[in-house]
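Heads up: the structure comes next, in structure tokens.
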Amino acid sequence: MQNCFTYSKLLLLFFSLIIASSCTTRRDILIDLNKDLFNESVQVDFIGMTENDKVTFESYSFFQYWKFVGLKKRDHELETIINFLPFSYDFEKSISSKSSIWKEWSDKNCDYIFIAVDLPYNQTKKIVWKKIIYIQQYSWYNFWSNRDLYVYVDSEGLTLKSE
């Protein structure tokens, strides 16, 4: 009887760990740059934000974000910057689910990730330069639970995919 009780506790602990590990909202974020942008310098910003921040960031125009906000946010603790340098053949980068930025976003109760891309011709061409994603959309109970987030950057701007 004692042995059965011990096995039951171990089994319960095992399933609890499985459920707890799948409850994370952390996912690998893979950033893929179109090869047509080979000779361009491209920056992609990822900023964790709360509901209050979301309203502010939604209202930013390209010019406001990159010219004014960009100067203020350079030391933003909830930001990760991915740079693609011209002529570098480095078309894929990532933010690992194990990256410390996920802990910072979690500690600050960030519900959203603001993603912005700075392409050289953002000001002259209408492109999709910003996206806001709800972090819980990628949580354990969602259809996309085991999928990474793919951010594709091309001459049209940002596209989000999950696979």
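The values are calculated or read from the model by the stated rules, or taken from the named source; none is laboratory data. Keep in mind that what you see is a predicted model, and the values were worked out from it rather than measured. Using ideal geometry, Cβ is built from the backbone for each residue, glycine included, and neighbour counts are taken over all protein chains shown.
Figures for the structure shown
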quantity: Condition check for ASP45: modelled with pLDDT of 85 or more, acidic (Asp, Glu) and either farther than 22 Å from GLY157 by Cβ or surrounded by 16 or more Cβ atoms within 10 Å (Cβ to Cβ) (or both); calculated: yes
quantity: Given (1) in contact with a helix residue (DSSP H, G or I) (Cβ under 9 Å, 6 or more places away or on another chain); (2) at pLDDT below 85, index of the condition TYR60 fails; calculated: (2)
quantity: Qualifying positions in segment 81-105 - assigned to a loop (DSSP other than H, G, I, E, B), surrounded by 12 or more Cβ atoms within 10 Å (Cβ to Cβ) and among the aromatic types (Phe, Trp, Tyr); calculated: PHE91
quantity: Residue ID - modelled with the highest pLDDT, chosen from residues in segment 112-140 that are assigned to a loop (DSSP other than H, G, I, E, B) and touching an Asp or Glu at 6+ places or on another chain (Cβ under 6 Å); calculated: ILE127
